[in-house]
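In what follows, a single structure is set out as structure tokens and then discussed.
The values are calculated or read from the model by the stated rules, or taken from the named source; none is laboratory data. Treat the numbers as computed from the prediction; the structure is a model and nothing was measured. Heads up, the Cβs are rebuilt from the backbone with ideal geometry, glycines too, and the neighbour counts pull from every protein chain shown. With ligands, DNA and RNA removed, areas are computed over all heavy atoms of the protein, side chains included. Shrake-Rupley method; radii C 1.70, N 1.55, O 1.52, S 1.80 Å.
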Amino acid sequence: MHCTRLLVITAALFAAISTVGAQDKGGKKKGGIQLPPMINIKIADFTDGGRIPNKFTCAASPMSPSPAMTWSGAPATAQSYALIVHDPDPVLGGSATNDVLHWAIFDISGDAKGLPEGVKGGDQPDGAKQINNIAGNPGYLGPCAPPGHGDHHYTFELFALNAKLGLPASTSRADLMNAMNGKVVAKGVYIGIFGQK
């Protein structure tokens, strides 16, 4: 009787270990949802969850440069990257779902391992395109939480895609997100904090 019970428990443990191993290949499962592999993002000038130096914000200049960043960990199926930098703390229009878009650049080459500091607005030499930010201009708009609003969480979301999107630079953020749907093979998130007294 005890031997039978021990065999059943051992079999159950082996089954659980096999299931966990299968889920870990190509992304973990959480709550029944298959998550894509994670991209490891690194921004040398501030840590993930750390304060963004004034150099990259409106505190230094309305035309502040974008920070340099590198990434790794995307699968070989990545054909392009899209980066969206946004501030999720404010809600536009009082009851809208949109937050503040600071930068969106897509069709970055699948061979890319990062972006240099100070990416200029407009189309890039490698074919990457930038849509209009909240100020109505293509390119990076530095964090600029209004004085007295406390710290905001500027979120850098990097998507590895299994195709180039081929969209025009006039694409809206909503259309960009829709075009990426079903093409994401890996994702990374990096957050920087900024606020003004």
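Can you name every residue in the stretch 151-165 that is of a type in the set (S, T, N, Q) and either part of a strand (DSSP E or B) or surrounded by 22 or more Cβ atoms within 10 Å (Cβ to Cβ) (or both)?
Here is the first cut: in the stretch 151-165, the residues of a type in the set (S, T, N, Q) are 155, 162.
Scanning the stretch 151-165 gives a single hit, 155.
In this structure, is residue 146 out of contact with any Cys (no Cβ under 6 Å at 6 or more places or on another chain) and either among the β-branched types (Val, Ile, Thr) or within 17 Å of residue 52 (Cα to Cα) (or both)?
Values: out of contact with any Cys (no Cβ under 6 Å at 6 or more places or on another chain): yes; either among the β-branched types (Val, Ile, Thr) or within 17 Å of residue 52 (Cα to Cα) (or both): yes.
In short, yes.
Scan the stretch 126-140 residue by residue and report those that are open to solvent by 30 Å² or more (accessible area, probe 1.4 Å) and either within 16 Å of the chain's Cα centre (by Cα) or touching a residue at least 60 places away in the same chain (Cβ under 8 Å) (or both). Write out each step before concluding.
The initial filter retains those residues of the stretch 126-140 that are open to solvent by 30 Å² or more (accessible area, probe 1.4 Å), namely 126-127, 129, 132, 134-138, 140.
140, the sole residue that qualifies.
Residues being buried (at least 17 other Cβ atoms within 10 Å of the Cβ), modelled with pLDDT of 95 or more and either part of a helix (DSSP H, G or I) or not polar (S, T, N, Q) (or both): count how many of those fall in the stretch 31-57.
Keep residues of the stretch 31-57 that are buried (at least 17 other Cβ atoms within 10 Å of the Cβ), which gives 36-37, 39, 41, 43, 46, 52, 56-57.
Imposing the further condition that a residue be modelled with pLDDT of 95 or more reduces the set to 39, 41, 43, 46, 52, 56-57.
Narrowing the set further to residues that are either part of a helix (DSSP H, G or I) or not polar (S, T, N, Q) (or both) leaves 39, 41, 43, 46, 52, 56.
The total comes to 6.
Which of the numbered conditions does residue 79 fail, given that it passes all the others? Conditions: (1) out of contact with any helix residue (DSSP H, G or I) (no Cβ under 7 Å at 6 or more places or on another chain); (2) surrounded by 20 or more Cβ atoms within 10 Å (Cβ to Cβ).
Here residue 79 clears every test but (2).
Restricting attention to the stretch 164-197, which residues are more than 17 Å from the chain's Cα centre (by Cα) and more than 22 Å from residue 79 (Cβ to Cβ)?
Within the stretch 164-197, 170, 172, 194, 195, 196, 197 meet the criteria.
Identify all residues within the stretch 44-58 that are free of Cβ contacts under 8 Å to residues at least 40 places away in the same chain and more than 12 Å from residue 193 (Cβ to Cβ); write none if there are none.
From the stretch 44-58, those free of Cβ contacts under 8 Å to residues at least 40 places away in the same chain are 44-45, 47, 53-55; that's our starting set.
Scanning the stretch 44-58 gives 44, 45, 54, 55.
Name the one entry in 84, 108 that is under 18 Å from residue 40 (Cβ atoms), open to solvent by less than 70 Å² (accessible area, probe 1.4 Å) and in contact with an Asp or Glu (Cβ under 6 Å, 6 or more places away or on another chain).
Values: 108 fails: in contact with an Asp or Glu (Cβ under 6 Å, 6 or more places away or on another chain).
Step by step, each of 84, 108 is checked, and only 84 is under 18 Å from residue 40 (Cβ atoms), open to solvent by less than 70 Å² (accessible area, probe 1.4 Å) and in contact with an Asp or Glu (Cβ under 6 Å, 6 or more places away or on another chain).
Could you list, in sequence order, all residues of the stretch 153-178 that are in contact with a Gly (Cβ under 6 Å, 6 or more places away or on another chain) and within 13 Å of residue 100 (Cα to Cα)?
As a first pass, look at the stretch 153-178 and keep what is in contact with a Gly (Cβ under 6 Å, 6 or more places away or on another chain): 154, 158.
If the condition is that a residue be in contact with a Gly (Cβ under 6 Å, 6 or more places away or on another chain) and within 13 Å of residue 100 (Cα to Cα), then 154 is the only one that fits.
Take the residues of the stretch 169-187 that are assigned to a loop (DSSP other than H, G, I, E, B) and touching a strand residue (DSSP E or B) at 6+ places or on another chain (Cβ under 7 Å): which is nearest to residue 105 (Cα to Cα)? Steps first, answer last, please.
Residues of the stretch 169-187 assigned to a loop (DSSP other than H, G, I, E, B): 169-172, 181-183.
Retained after the next criterion (residues that are touching a strand residue (DSSP E or B) at 6+ places or on another chain (Cβ under 7 Å)): 169, 183.
Values: 169: 9, 183: 16 Å.
This residue is 169.
Could you grab me the full set of residues in the stretch 91-105 that are open to solvent by less than 40 Å² (accessible area, probe 1.4 Å), modelled with pLDDT under 95 and not hydrophobic (A, V, I, L, M, F, W, C)?
The one that is open to solvent by less than 40 Å² (accessible area, probe 1.4 Å), modelled with pLDDT under 95 and not hydrophobic (A, V, I, L, M, F, W, C): 99.
Would the stretch 13-25 turn up any residue that is surrounded by 12 or more Cβ atoms within 10 Å (Cβ to Cβ) and either at pLDDT 90 or above or assigned to a loop (DSSP other than H, G, I, E, B) (or both)? Break it down into steps so the answer makes sense when it comes.
Narrowing the stretch 13-25 to residues surrounded by 12 or more Cβ atoms within 10 Å (Cβ to Cβ): 23.
Next cut, either at pLDDT 90 or above or assigned to a loop (DSSP other than H, G, I, E, B) (or both) only: none.
Looking through the stretch 13-25, none of the residues is surrounded by 12 or more Cβ atoms within 10 Å (Cβ to Cβ) and either at pLDDT 90 or above or assigned to a loop (DSSP other than H, G, I, E, B) (or both).
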